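The values are calculated or read from the model by the stated rules, or taken from the named source; none is laboratory data. The structure presented is a predicted model; accordingly, all values stated were derived computationally and were not measured. Glycine also receives a Cβ, built like all others from the backbone with ideal geometry; neighbour counts cover every protein chain displayed.
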């Protein structure tokens, strides 16, 4: 998400550019004018999205991805829970199983990065089974 050579603002610029260009290309034929009553909701949505993306890019610039990525995986589970509580969506059991596998993998990666990172080793290079 970030580069060793580019600034945080450069990464943020390209993330925002992709967020503008891709929806325009995909939805060009089905564009409908925005209702005035909904315009402020879109402004708030854009503002909070911009703040969130900025926080994510800064987080990845300041902390290793092995620490932050498990938090992104947990977002999938929270999205499912909020979807159930707010919209009444009931997910299939296979979705919950895969979600649990993703969360467990993230926790294992976090534990490995703490264990081997404290020893000065790269946790993704070699695992000796201990």
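Each row is one residue, and each column tells you yes or no for (1) exposed (fewer than 10 other Cβ atoms within 10 Å of the Cβ); (2) at pLDDT 80 or above; (3) not assigned by TED's automatic domain parsing to the domain that holds residue 107.
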position	(1), (2), (3)
14	no, yes, yes
22	no, yes, yes
25	yes, yes, yes
30	yes, yes, yes
57	no, yes, yes
74	no, no, no
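For segment 1-43, what are the residues that are within 24 Å of residue 59 (Cα to Cα), assigned to a loop (DSSP other than H, G, I, E, B) and over 17 Å from the mean Cα position of the chain (by Cα)? Residues satisfying the conditions are 4, 5, 6, 7. Evaluated against (1) surrounded by fewer than 11 Cβ atoms within 10 Å (Cβ to Cβ); (2) part of a helix (DSSP H, G or I); (3) outside the structural domain of residue 108 (by TED's automatic domain parsing), residue 78 falls short on exactly one condition, (3).
Taken residue by residue, segment 55-70 has at least one member that is part of a loop (DSSP other than H, G, I, E, B) and in contact (Cβ under 8 Å) with a residue 40 or more places away in the chain.
Among the residues of segment 81-130, the one identified as more than 14 Å from residue 66 (Cβ to Cβ), touching a helix residue (DSSP H, G or I) at 6+ places or on another chain (Cβ under 7 Å), modelled with pLDDT under 85 and not in a helix (DSSP H, G or I) is 91.
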